[in-house]
1. Which order do 15, 48 take when ranked by solvent-accessible area (1.4 Å probe, heavy atoms of all protein chains), largest first?
2. For the modelled label position 7 Å from the Cα of residue 31 along Cα-to-Cβ, which residues of region 133-158 have backbone nitrogen atoms closer than 15 Å?
3. Excluding ligands, DNA and RNA, what is the solvent-accessible area per residue of the chain at a probe of 1.4 Å, expressed in Å²?
4. Which of the trypsin sites (Lys or Arg not before Pro) found in region 124-171 are loop residues per DSSP with 14 or fewer other Cβ atoms within 10 Å of their Cβ?
5. Where the eigenvalues come from the Cα gyration tensor of region 52-139, what are the semi-axes √(5λ) of the equivalent ellipsoid, largest first, in whole Å?
6. Give me the extension gain from residue 141 to residue 81: residue separation times 0.36 nm, minus the current Cα-Cα distance, reported in nm with one decimal.
7. Between residue 72 and residue 155, take the C-beta separation as r, use R0 = 22 Å, and let me know the FRET efficiency to the nearest 0.05.
8. Between region 26-88 and region 141-176, how far is it from one alpha carbon centroid to the other, in angstrom?
Amino acid sequence: ERIDAAQVAAIRARHQPRGERLVTYLGMFKDYQGVDYLIRAFAKLAPHHPGVQLALVGDGPCRAQYESLIRELGLQNRVVLPGLIPHADVPNWLAVSDVVVSPRVDNHITKAGFVSQMPEYMAAGRMIVSTWVSGCRYLLRDGAGILVDPNDVDALARGIEQALQLDDAARAPYIAAARRNVEQFTWQRGIADVHDSYRSLAP
């Protein structure tokens with residue numbers, strides 16, 4: 001997907017008028033995604049990072065619960081909730097994000113799941129903070145992101161804090177590793193792997 005410069009400018013004008021940094025979650029609002037942990041972790045960081053906002057991009061059955069938690073923690077002016085967006089807008093939101101997060105919990109659902117947004121996070125050249133569940137330990141191997149323990153607000157807050165403190169030079173190795181890893185999940189690589197498998201079986 002290509003970045004739309006006009007859309008990026010519109011997002012910046014609306015949500016980053018003073019150059020705010022965005023910590024972004026992109027995905028469904030379901031309980032196993034751990035967005036409540038992310039909101040609580042952000043509440044710990046927010047007083048120390050006045051120029052950082054949390055963007056929760058998506059929708060789902062837990063939206064009302066998350067909105068209530070945001071009000072309870074006094075974060076109404078620090079959390080952006082744009083709702084569901086067209087898939088074509090995903091690269092635009094990732095382009096304006098400083099840190100992207102997968103806070104997925106560890107439970108019976110996520111043991112067999114896959115974080116569908118992770119390849120997009122990895123290809124976008126953003127700093128990634130993720131729990132290690134649903135294959136993320138493998139996807140983010142070789143230092144492709146900051147991995148934290150799931151179901152742990154403090155661990156998630158520490159991971160995001162670490163990401164926010166890294167300058168561009170310190171982020172570069174993480175981003176390069178993520179791009180190397182995600183290349184294995186392209187259609188071209190998949191087709192090549194299947195082709196090589198069949199060749200190896202040929203007499």
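The values are calculated or read from the model by the stated rules, or taken from the named source; none is laboratory data. Owing to the predicted nature of the structure, the values given are computational and were not obtained by experimental measurement. Note that we place each Cβ from the backbone using ideal geometry, even for glycine, and neighbour counts take in every protein chain shown. We work out accessible area using only protein heavy atoms, side chains counted, and drop any ligands, DNA or RNA first. Shrake-Rupley method; radii C 1.70, N 1.55, O 1.52, S 1.80 Å.
1. Greatest to least solvent exposure: 48, 15.
2. 151
3. Computed with neighbouring chains in place, this is 52 Å² per residue.
4. Sites meeting the loop and neighbour criteria: 141.
5. 22, 18, 13
6. Value of the extension gain: 18.5 nm.
7. Computed FRET efficiency for residue 72 and residue 155 comes out at 0.55.
8. About 19 Å separates the Cα centre of region 26-88 from the one of region 141-176.
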